[in-house]
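The values are calculated or read from the model by the stated rules, or taken from the named source; none is laboratory data. This is a predicted model, so every value here is computed, not measured. Every residue, glycine as well, gets a Cβ built from its backbone with ideal geometry; the counts of neighbours run over all protein chains shown.
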Amino acid sequence: MLVLRWVRRALTFLGIDPAVGTVLGGNVVIGLLSFLQIALILRHLTEAEQGVNFNYLTFFQIILLLDLGFGVVIQQLASHERAFLLESGANILTGPPEHHTRLAALLRVALRWYTAIYLLSCALMLPVGWYFFHDVPGLRDVGWQAPWILTVLVSGLCMVSAGFVKFLSGCGDILAVARASMLQMILASVGYCLILALGGNLYAFAGSQAFGVAVYFVWFFLIRRPLLADLWRTQPSLTRVTWYRDVRPFQSRIALSLFSTQAFVMIVPIALKYFGAEESGRLGMSLNVVSALQMLGLSWLETRVPVFGNLIAKKNWRDLDRTYQHVLVKSTVFLGALLALLLALSYLLNLSDHPSAVAMTSRFLRPVPGTILVLIVLANHVFFVRAAYLRAHCKEPYLLVTVLQGATLLVTMLAVGWFFSLTTVLTGCLFWVLVIGQGLGFWIFQRRRRDWHAPTESGTLIREIS
């Protein structure tokens, strides 16, 4: 009993409620599975295939961005309407008609949007990826063609399902979304391991995503069908919602901002071009590990974004700032501790002369570039938390920051990579992340937060650990 009491106190101190605990626990399982994935990659993929595999992952992330920020926008807009609705025993939302009909209209807009964007994404990415891989030297003996086609088709479905998950999250399904998302990611990780173990090689990525996306579609049609069907049957009211008038102004800024924020992932294909498939594979492997740890740190944020929107709709600034501060401090400290342990393990393995240690470290970045990568990820985490707070106001004041940072990162990666090493490229990226993302970004955060909340509070800035 004493142990359980201490566990409860620790969970309370860290702010780990059922939703956060579900996301965190799921990410821990995924992190453990990632070690198995790494072992299977080392066993079943050549170094050239490893480079192609992680470039599939990069293109997958780009395809997810082709919804042009619609998922982020629909989550925020839905959370503002959901703040005034309640869920009945029949698993449908009830409340003031104006908010219910606007939420229903948002669902209709989302369905039309994702139908069109799926077809466009497939038509665009299939030839782009084909041209990219066809020109890479050293891939003549790698059968990347059929796996690439499957990757594009399945990645588009992942983009569509992720958008509707955002909508349901905005509708208040925070714990349910956390559970479904974790099940989806775990099943995708298990599927990846199974396909690799059975000799599927480059088919593993597309196959694993197909396993995962099936979870979402089952959830939509079997569990949340009453809510979605009720909204779909709701007749449009006089206060109609259209994409052009109600979604586009916010989405256009979010889309440009999200694309700019993800500029750093282009370092993997750039490394493939400048430094070869083997170096790109090492970078991709290291980036995959630190990104998995970053997902653990984002466990707090993922479940709090709809809460931000609800509190803003009600103009409850005090609870909003308290929730934000809680997410920022505890998630950053938690992520920092994990990344520090990863670096310590990396340095110890590189000091060892044991053949297994040498074989493993040869597939990852050396300690110095690995340390720089870790610092970039930690700085970006702080930036993501601040951005989520500001975007919950259905505004995007970080557009200048993200575009400027994304442009400087791309120029740095392309220009420096042409003449220097990967370590130099990462150093340049870290410089711009600190100067633009943390410096200019924090100044804008302080200014906008004060201006937006000024009518109902004194304007005193919240104190923040940064």
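Conditions (1) in a helix (DSSP H, G or I); (2) crowded, with 19+ Cβ neighbours inside 10 Å, marked per residue:
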site: Leu126; (1), (2): yes, no
site: Asp141; (1), (2): no, no
site: Ala146; (1), (2): yes, no
site: Phe167; (1), (2): yes, yes
site: Leu175; (1), (2): yes, no
site: Gly200; (1), (2): no, no
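For segment 82-116, a residue qualifies if it is touching a residue at least 60 places away in the same chain (Cβ under 8 Å), under 21 Å from Ala176 (Cβ atoms) and either touching a Phe, Trp or Tyr at 6+ places or on another chain (Cβ under 9 Å) or assigned to a helix (DSSP H, G or I) (or both), and the qualifying residues are Arg82, His100, Leu103, Ala104, Leu106, Leu107. Listed by position, the helices (runs of 4 or more DSSP H) inside segment 397-466 whose residues that are at pLDDT below 90, hydrophobic (A, V, I, L, M, F, W, C) and over 16 Å from Thr261 (Cβ atoms) number at least 2 are 399-419, 422-432.
Scan segment 334-354 and give yes if some residue there is in contact with a His (Cβ under 6 Å, 6 or more places away or on another chain), farther than 14 Å from Ile267 by Cα, in contact (Cβ under 8 Å) with a residue 40 or more places away in the chain and in a helix (DSSP H, G or I), otherwise no. Please lay out each step first, then the result.
Filtering segment 334-354 down to residues in contact with a His (Cβ under 6 Å, 6 or more places away or on another chain) leaves 335.
Checking which are farther than 14 Å from Ile267 by Cα leaves us with 335.
Pick out the ones that are also in contact (Cβ under 8 Å) with a residue 40 or more places away in the chain and you get 335.
After this cut, where a residue has to be in a helix (DSSP H, G or I) as well, the list is 335.
Yes, the conditions are met somewhere in segment 334-354.
Take the residues of segment 58-91 that are farther than 21 Å from Asp173 by Cβ and among the aromatic types (Phe, Trp, Tyr): which is surrounded by the fewest Cβ atoms within 10 Å (Cβ to Cβ)? Can you show your working first?
Filtering segment 58-91 for residues farther than 21 Å from Asp173 by Cβ gives 58-63, 65-66, 68.
Those left that are additionally among the aromatic types (Phe, Trp, Tyr): 59-60.
Working: Phe59: 23, Phe60: 20.
Per the criteria, the residue is Phe60.
Among the residues of segment 224-242, are any β-branched (Val, Ile, Thr) and in a helix (DSSP H, G or I)? For segment 224-242, residues β-branched (Val, Ile, Thr) and in a helix (DSSP H, G or I): absent. Could you please give the count of residues in segment 295-322 that are closer than 15 Å to Leu77 by Cβ and out of contact with any helix residue (DSSP H, G or I) (no Cβ under 9 Å at 6 or more places or on another chain)? Counting residues in segment 295-322 that are closer than 15 Å to Leu77 by Cβ and out of contact with any helix residue (DSSP H, G or I) (no Cβ under 9 Å at 6 or more places or on another chain) gives 0.
The C-beta contact set for segment 56-68 (first residue closer than 16 Å to Tyr131 by Cβ, second residue β-branched (Val, Ile, Thr), distance under 6 angstrom, 6+ apart or interchain) comprises Tyr56/Thr151; Thr58/Val265; Thr58/Val268. If only residues of segment 391-422 that are among the polar types (S, T, N, Q) and surrounded by 17 or more Cβ atoms within 10 Å (Cβ to Cβ) are counted, the one that is farthest from Gln76 (Cα to Cα) is Thr412.
Of all the criteria given as (1) surrounded by fewer than 22 Cβ atoms within 10 Å (Cβ to Cβ); (2) assigned to a helix (DSSP H, G or I); (3) among the small types (Gly, Ala, Ser), the one not satisfied by Gly156 is (1). Filter segment 440-455 down to residues that are over 21 Å from Arg322 (Cβ atoms) and among the small types (Gly, Ala, Ser), then give me how many there are. Total satisfying the criteria: 1.
Scanning segment 45-63 for residues that are under 30 Å from Leu231 (Cα atoms), part of a helix (DSSP H, G or I) and modelled with pLDDT of 85 or more turns up at least one hit.
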